[in-house]
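Have a look at the structure below before the remarks.
The values are calculated or read from the model by the stated rules, or taken from the named source; none is laboratory data. On a predicted model such as this, the values are computed, not experimentally measured, just so you know. Ideal geometry is used to build each Cβ from the backbone, glycine not excepted, and the neighbour counts take in all protein chains shown.
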Amino acid sequence: MRAALTALVLAFCGAVFGQAGPKTPDANVEARMKLLAEELRCLVCQNQTIADSNASLAVDLRNQIRGQIAEGRSDAQIRSYMVERYGDFVLYKPPFQGNTIALWVAPVVLLAGGALAFVVLVRRKRAAPDAPSGPRKAEITRLLDAKD
């Protein structure tokens, strides 16, 4: 009796909350969604793709991608939709164009500047004498002896 009542309650709850059974996603849709999600940046996390992020916005974006795939849109159309809605920033690898040139050039400039600063410091260190010699050494010795 108790088992029958439990089964009836579980069946009722499943019907009311719409969880009659586990929903099996289409493997092709999921694979395509994952590929697209790996190309798009999570707008909350900003250092993760929406495929890697657990933020609620990332979950919503993955669901939007699934919905657009179900509607029959191509990958290019889905990317285009996301860029129209969120800008080039949503692309994990933004295109090389006028408004994103700083994103592509800045790392190279900073790396070159750091390398140049390193070379200059190393050359200065090698060029600087470790201890005074010649007339300068004699003057320093005379000053130190005079102080005693």
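Key figures for this structure:
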read-out	value
Unique match (being under 25 Å from D26 (Cα atoms) and among the β-branched types (V, I, T)) among I69, I101	I69
Counted residues, the stretch 61-74 - those being surrounded by 14 or more Cβ atoms within 10 Å (Cβ to Cβ) and either among the aromatic types (F, W, Y) or part of a helix (DSSP H, G or I) (or both)	7
Pairs where the first residue, in the stretch 37-63, is on the phi < 0 side of the Ramachandran plot and the second is acidic (D, E) and exposed (fewer than 15 other Cβ atoms within 10 Å of the Cβ), C-beta under 7 Å, 6+ apart	T49/E38; A51/E38
Extreme residue, farthest from M82 (Cα to Cα), among residues of the stretch 30-60 that are of a type in the set (A, V, I, L, M) and part of a loop (DSSP other than H, G, I, E, B)	A55
Hey, I50 at pLDDT 90 or above, more than 22 Å from L103 (Cα to Cα) and either outside the structural domain of L103 (by TED's automatic domain parsing) or among the hydrophobic types (A, V, I, L, M, F, W, C) (or both) or not	no
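Rundown of residues vs (1) assigned by TED's automatic domain parsing to the domain that holds L40; (2) at pLDDT 80 or above; (3) within 30 Å of C45 (Cα to Cα); (4) surrounded by 10 or more Cβ atoms within 10 Å (Cβ to Cβ), yes/no style:
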position	(1), (2), (3), (4)
A106	no, yes, yes, yes
V109	no, yes, yes, yes
F118	no, yes, no, yes
A127	no, no, no, no
D130	no, no, no, no
S133	no, no, no, no
R142	no, yes, no, yes
